[in-house]
Structures are given as C-alpha cells and as structure tokens.
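Asker: Got a structure here, written out as structure tokens. Questions coming.
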Amino acid sequence: MSFELIGLGKLLNAMYATKADRISMLRSDIRDERKKASGYSSSKGGDFYGPFWADAKNHISGEVDLRASTASRISSNGRRDRLYTMLRDGFLLWWEENRRQRNEAFTTIDDHIKSRYEAKGLGTIKVENTLSFTIGEDGHRVVYPYFCEDPSLSEEAARLGLWAMSQSITTYELKDMRILDVIKGRTFSNIDTPLIGNEEVIFLHRYSAILSERQALKGSYD
C-alpha cells in the first residue's frame, strides 16, 4: 500500500480507522516503502480480496457458485477461512435480496474500469475492479467494493466514496453508482445517502491529515 497511490477502499478504511489501527497501517506502509527502496522483494503475494471478488463477479454472471468457490478457496488456504466466509455471506445477503426485489434480468458488463482521482497535490486514488451490470430497462449499476471488516462503512465514509467515484468515473452517472460494504451486505447510493456538498472538503482534509501523520512517523525511521 502506498498512500500517494492508493485504492479508494483502503483510503476510506484508513480515514475512519481508530488512531491505533491507522498508525499501524502507516508504519507498515513506511516499512514496505523502505524495503522496496533497498531492493527487497516482498513475498506477501497478491491481493487477499482479489480471488473472492473475481468469484463474486462470476457468481452474478452465472459462471460459478459463490458458496462452492469460496469453500474451494478456503480449502486451498486456511488463512482465508474467517474473512472469506464473512465476505461470502455479506455479498450473498446483498445480491439475493436484490434478486428478490427485482424480477428483472441482470446482465453483467465487462467494462474494466480503471479510474483515477487526482487529489489536489496530495496523491492519486484508484477506483478500480468495480462490478458493473444492467437491470432490465432501469439502466446501469457500477458497484465499488469496500472489503474491510473494521470499521464498517459509515454514511459519511460512503458519501466520500460516492463523491470520489463521481469525480473519477466518467462513463456512468452518480445515480448509477453504488459503494458496497461487502461484509455487511449493504450498498450506499446517492438516493439513500445523498451527497450534501461538503464531501470534497472532508475528503481532502482527512487525506491530508493521514499524509501529515505518515510524514511525522517516517521521521522516526530516519
């Protein structure tokens, strides 16, 4: 994780984490940066959440069954057990409720969104790996996943996330955008959590504060 180039979900997590958790994230980021600068190649592997999210997308398109694929992922790596189980249950809670409420066809879209929001001299926020689909004749949906267990996505954090999505994704309108707290199985949209106009100020203030905190901690490693 680099806080100058960071995924939206990870940044929202850091913005609303407890101070102790945020400092732990920042210290880990500083250590990783120093290892990389010294030529050390990390052995952490790929994105922990990536395989689950790929399966979730394929579940919607009908290519896999998420219950079976999650069991298989856990069988191959026991460290995934607790979180993958929670992610599966939350995702299916959201998705199956959608299907119950809407007796219309859902069709996935492979649009491979790779958007960026340049935060006024602070850094670059990545808005990627979204889930996109159509619902009957009602239009499009583009869903950004928030995977973190703690803290859950608050309404303010969701508003910041929706605002950042609207600033970076030009192929969809704000009304089409959703941010999904996967573990809680809850989506936020501008319909139920409308933007109130102060999102940019809050977003930039919190992001700037994190970078300042990181810079102060970085001094202890010099």
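The values are calculated or read from the model by the stated rules, or taken from the named source; none is laboratory data. The model shown is predicted, which means the values in this text are computed figures rather than measured ones. Quick reminder, even Gly has a Cβ in these numbers, built from the backbone with ideal geometry, and neighbours come from all protein chains shown. Just so you know, the surface numbers come from the protein's heavy atoms only, side chains and all, with ligands and any DNA or RNA stripped out. Shrake-Rupley method; radii C 1.70, N 1.55, O 1.52, S 1.80 Å.
Asker: For residue 116, list long-range residues whose amide hydrogen, built 1.01 Å from N in the peptide plane, is under 5 Å from its own amide hydrogen.
Answerer: 127
Asker: Given a 1.4 Å probe, how much area per residue of segment 158-200 is accessible, in Å²?
Answerer: On the way: 1790 Å² over 43 residues.
Value returned for segment 158-200: 42 Å² of accessible area per residue.
Asker: Rank 218, 35, 175 by accessible area, highest first, at a 1.4 Å probe radius?
Answerer: Of 218, 35, 175, the descending order of accessible area is 175, 35, 218.
Asker: Round to a whole angstrom and tell me the spacing of the C-alpha centers of segment 107-143 and segment 1-39.
Answerer: Taking the Cα centre of segment 1-39 as reference, the centre of segment 107-143 is 23 Å away.
Asker: How high is the FRET efficiency from residue 27 to residue 105, r the C-beta distance, R0 41 Å, rounded to 0.05?
Answerer: 0.30
Asker: Could you pull out the longest piece of the chain with no exposed loop chymotrypsin sites (Phe, Trp or Tyr not before Pro) in it, calling a site exposed if DSSP puts it outside H, G, I, E, B and it has at most 14 other Cβ atoms within 10 Å?
Answerer: 49-222
Asker: Rounded if a/c is under 1.5, else prolate if a/b beats b/c, else oblate: with a ≥ b ≥ c from the C-alpha gyration tensor eigenvalues square-rooted, which is the chain?
Answerer: oblate
Asker: With every protein chain present, what is the per residue accessible area of segment 1-76 (1.4 Å probe, Å²)?
Answerer: Here the residues of segment 1-76 average 54 Å² of exposed surface.
Asker: Mind listing which GluC sites (Glu not before Pro) in segment 90-158 are in a DSSP loop and have 16 or fewer other Cβ atoms within 10 Å?
Answerer: Within segment 90-158, the qualifying GluC sites (Glu not before Pro) (loop, at most 16 other Cβ atoms within 10 Å) are 104, 137, 149.
Asker: Leaving out same-chain residues fewer than 8 places away, which lysines sit with a Cα under 29 Å from that of residue 218?
Answerer: Output for residue 218: 10, 19, 35, 36, 44, 120, 126.
Asker: What does DSSP give for segment 66-192 in terms of the percent of beta bridges that are antiparallel, rounded to the nearest 5?
Answerer: Of those bridges, close to 75 percent are antiparallel.
Asker: Antiparallel DSSP bridges in the chain: what percent, to the nearest 5? Intermediate results must be reported in sequence, preceding the final value.
Answerer: On the way: 18 of 26 bridges.
Among the beta bridges of the chain, antiparallel pairing accounts for roughly 70 percent.
Asker: Starting from the Cα gyration tensor of segment 32-145, take the square roots of the eigenvalues, sort them a ≥ b ≥ c, and report rounded, prolate or oblate (rounded when a/c is under 1.5, otherwise prolate if a/b is larger than b/c, else oblate).
Answerer: On the way: a/c = 2.80, a/b = 1.34, b/c = 2.08.
The shape class here is oblate.
Asker: Which helices of the chain meet both criteria: a Cα extent of 18 Å or more along the helical axis and a mean Kyte-Doolittle score no lower than -1.0, with helices taken as whole DSSP H segments?
Answerer: Result, helices passing both filters: 155-168, 199-218.
Asker: Leaving ligands, DNA and RNA out of it, report the carbon-plus-sulfur percent of the accessible area of segment 25-96 at a 1.4 Å probe.
Answerer: The computed percentage sits at 49.
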